[in-house]
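Coordinate-derived values only; no laboratory data. Quantities reported herein were computed from a predicted structural model and do not represent experimental measurements. Neighbour counts run over all protein chains shown; Cβ positions are idealised from the backbone, glycine included.
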Number of protein chains: 2
Amino acid sequence: MEERQISKAVIKRLPRYYRYLGEMLNNGVERISSGELSTKMQVTASQIRQDLNNFGGFGQQGYGYNVKFLYDEIGKILGVDKKHPMIIIGGGNFGHALANYDFEKNGFITKAIFDVRPSLVGTDVRGIPVLMMDELEDFVAREHIEIAVLTLPKDRVAETADRLVRCGIKALWNFAHLDLKVPDDVVVENVHLVDSLMQLSYRISSYENEHKKEEV
Amino acid sequence: MEERQISKAVIKRLPRYYRYLGEMLNNGVERISSGELSTKMQVTASQIRQDLNNFGGFGQQGYGYNVKFLYDEIGKILGVDKKHPMIIIGGGNFGHALANYDFEKNGFITKAIFDVRPSLVGTDVRGIPVLMMDELEDFVAREHIEIAVLTLPKDRVAETADRLVRCGIKALWNFAHLDLKVPDDVVVENVHLVDSLMQLSYRISSYENEHKKEEV
């Protein structure tokens, strides 16, 4: 497949395509037109064609898309056709909740949860062991851990991220409410929950403001 | 203030400006140039000027920005100068984790957690009571609840969202891995964790592919 520079906006839409196609596959749908996909996803058909053309198209004029093929190809692009060994740093509520999530069906395999509290030694979540931070380096090397999930207190995140980078971690999934500084070969994806809530309140306010103007 | 159509990309950056300005305020910084703000935030100075111009500027040529003023104004735009009463639907791990988060310092006040499990009656998280779903309608009306956080199983989300909309909820913060269909006057903000992980794995794969090409 020819490789081009793909915009961030397209990449953001791919997981959603992948999710919808997965649901169709589960429902036994074999073929879909960009029109039908468009209706389901509430994205214009031309947007869908344009997005998928970034990756060589996959569609045949008049025949629509082969759902299984498209699903598999998008899966490859997203890298979810491979297994991604993962650890969670922080065994608090949030770490627990994430360990309980079934990310493994998309290839993200949580191998351990790390914490500093000795009271957690020997405990586990769904069979995923809670280990102490002094075992981190050995474990990451032995289990070829690729992704570290950061769910620890804000004031300990930067130092922990540095330590993970030195261990050879390739990717950080950061739930702490700050931006991390890492070398160029480490990727960071932030889930800033407060930012998301603020966007919600922005949209509540701006809806109310528009509505007020209409009433005047 | 003059109102214009503000792009989604700008709105997405505002919480980050707000966060950085809040940290500066805490550190006693009173005034900052767009150049300094740019260095701190790793956004170009012209981007910052352009973004803030959307809201009337706030800056004075050669004098930089008044941190407190800018912080407060962005807070108003984001709607975080007001209190937003909130409920969490789903008292599982994730609901628990969110109830423990200190969203209230930004005006998001969690008033209750709703669940269907009778074993949770009478329990609480940090004093936030767990209530049963049959109390939902009365509670939402009495407490003027604005935002509902959806952390319940995927197969019960659509029906619960409909019920919340009928109660008069204005905004849904959705953690379930599906897209909700709601009337135009209800805003939805999705936190699709799997989508975020897939973007991480996409970036790992595309980094590796580039790197491989360099090695050839």
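Assorted remarks:
- Per-residue Cβ neighbour counts within 10 Å put A:Ser34, B:Ser201 in the sequence A:Ser34, B:Ser201, beginning with the fewest.
- Eligible aspartates and glutamates near B:Lys82 by straight Cα distance, threshold 18 Å, same-chain separation 8 or greater: A:Asp195, A:Glu208, A:Glu210, B:Asp72, B:Glu73, B:Asp102, B:Glu104, B:Glu143, B:Glu146
- D (Stokes-Einstein, µm²/s), Kirkwood Cα radius, region A:84-195, 1.567 mPa s at 4 °C: 93
- Averaged over A:183-196, number of beta-carbon atoms from partner chains that fall within 10 Å: 5
- Amide H within-cut-off set for A:Val149, under 5 Å, with H built and near neighbours excluded: A:Ile87, A:Ile88, A:Ile89, A:Trp173
- Take the Cα of B:Lys105, step 7 Å toward its Cβ, do the same at A:Lys105, and the gap between the two points is 3.7 nm.
- The rotation axis taking chain A to chain B passes closest to this chain A residue's Cβ, listed with the gap in Å: A:Ala97, 2.
- Entries in A:Lys68/B:Lys8; A:Lys111/B:Lys105; B:Lys40/B:Lys76; A:Lys154/B:Lys212 that, when Cα-Cα distance is taken, lie over 25 Å: A:Lys68/B:Lys8; A:Lys111/B:Lys105; A:Lys154/B:Lys212
- Classified by the C-alpha gyration tensor, chain B has an oblate form. Its axis ratio a/c, with a ≥ b ≥ c, is 1.5 or above, and a/b does not exceed b/c.
- Region B:78-135 versus region B:143-175: alpha-carbon centroid distance in Å: 12
- Counting from the shortest, the label point at B:Lys105, 7 Å from Cα toward Cβ, is 3.7 nm from the same position in each remaining copy.
- The amide H of A:Ser33, built 1.01 Å from its N in the peptide plane, has A:Tyr65 as neighbours under 5 Å, considering only residues 5 or more places off or on other chains.
- Using a 7 Å Cα-to-Cβ projection, B:Phe139 label spacings across copies, nm, ascending: 3.6
- At 7 Å out from Cα toward Cβ: B:Thr39 inter-copy label distances (nm, ascending): 5.8
- Chain B: angle of helix B:193-215 to the longest principal axis, Cα-based, in degrees nearest 10: 40
- The Rg/Rh ratio of the protein assembly as shown, with both radii computed over alpha carbons and Rh defined as the Kirkwood radius, is 0.96.
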